[in-house]
Each structure stands twice: as C-alpha cells, then as structure tokens.
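Below: the structure, in structure tokens.
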Amino acid sequence: MSETIFSKIIRKEIPANIVYEDDHCLAFHDVAPQAPTHVLVIPKKPIVNVDALESEDAALIGHLWMVIQKLARELNIAESGYRVVVNCGREGGQSVDHLHYHLLGGRPLAWPPG
Ligand code: 5GP
C-alpha cells in the first residue's frame, strides 16, 4: 500500500495528540473532530481498509476492539454511549487509505448517518 499521513503519524514524523500506543496500534485525536470526543484507532500494520483484511489479521482486529473499549471508558463516554465508525472505500467515505476506527462520543449521535 502507498504511504499515508497515518504512516507518518505512526513514525512520529508529524505530530498528533496521541492518547494510547502499544506495539500493535496507535490512537490519537482526529484533527477535525465531529463530536466532543473523536479519536482514531489504527493498527500499526499498514492495512488499507476492511476489504484488505486477511484471516491472519483476526487477532489484531480483536485487539483494536479491546483498545476501543478501554479508551471509551477512559474518555468517559462508555456510560453515555458512543459510536465506532469504519469507512471503507470511496462511497464509504474513506479518505485515508490506512485502516482506522473512528471513536465518537460526547453528544447524541443521529441515525442514519449521511
Ligand atoms: P476517513 O474519512 O478516511 O474515514 O477518516 C479520516 C480521518 O482522518 C478524518 O476524520 C480526518 O479528519 C482525519 N485526519 C486526516 N488527516 C489527519 C491528520 O493529519 N491528523 C489527524 N489527527 N487526523 C487526520
């Protein structure tokens, strides 16, 4: 896959407001937040999107969900509720070709999304 802005954030070549990091993933505040809490959770492995996942990524994806749960609690949105969004491809609204989970909360979120 080609280089993305998120690769540079992982390598700390450009700054981000990082809220969590481990060997497998990174979480940081979205530069254009769509809710009072808007964090992106990404794998360090350069996976383009959901469509590019392989069976060997199953444990990594499970880990990302556990990180999302932990962050929602730490950011005080677990009790009120939150949304996790993964855009995939052009019509899915994906603008950065590195798999990422949007963790959104802190206000009532409308449904369906636009
Ligand atoms: P997508 O549209 O691909 O699902 O989401 C990409 C997200 O990345 C957008 O919400 C956008 O605001 C965020 N984003 C793009 N570039 C940067 C950046 O350089 N830093 C941070 N923190 N977020 C970014």
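The values are calculated or read from the model by the stated rules, or taken from the named source; none is laboratory data. The structure displayed is predicted, hence computed values, not measured ones. Ideal geometry is used to build each Cβ from the backbone, glycine not excepted, and the neighbour counts take in all protein chains shown.
Things worth noting here:
- Single residue of 104, 60 found to be in contact with a Pro (Cβ under 6 Å, 6 or more places away or on another chain), under 23 Å from residue 24 (Cβ atoms) and modelled with pLDDT of 95 or more: 60
- If the condition is being among the aliphatic types (A, V, I, L, M), touching a residue at least 12 places away in the same chain (Cβ under 8 Å) and either assigned to a strand (DSSP E or B) or surrounded by 14 or more Cβ atoms within 10 Å (Cβ to Cβ) (or both), then region 1-43 contributes 5, 9, 10, 16, 19, 26, 27, 35, 39, 40, 41, 42.
Residue-wise test of (1) within 11 Å of the ligand (Cβ to nearest atom); (2) in contact with a helix residue (DSSP H, G or I) (Cβ under 6 Å, 6 or more places away or on another chain).
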{"site": "5", "(1), (2)": "yes, no"}
{"site": "8", "(1), (2)": "yes, no"}
{"site": "18", "(1), (2)": "yes, no"}
{"site": "21", "(1), (2)": "no, no"}
{"site": "33", "(1), (2)": "yes, no"}
{"site": "41", "(1), (2)": "no, yes"}
{"site": "49", "(1), (2)": "yes, no"}
{"site": "66", "(1), (2)": "no, no"}
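- Test: residue in region 100-112 that is surrounded by fewer than 14 Cβ atoms within 10 Å (Cβ to Cβ), part of a loop (DSSP other than H, G, I, E, B) and in contact (Cβ under 8 Å) with a residue 40 or more places away in the chain: yes
- Only residues that are charged (D, E, K, R), free of Cβ contacts under 8 Å to residues at least 24 places away in the same chain and not in a helix (DSSP H, G or I) were counted in region 44-84, giving 3.
- Verdict on residue 51 being at pLDDT 95 or above, surrounded by 18 or more Cβ atoms within 10 Å (Cβ to Cβ) and among the acidic types (Asp, Glu): no
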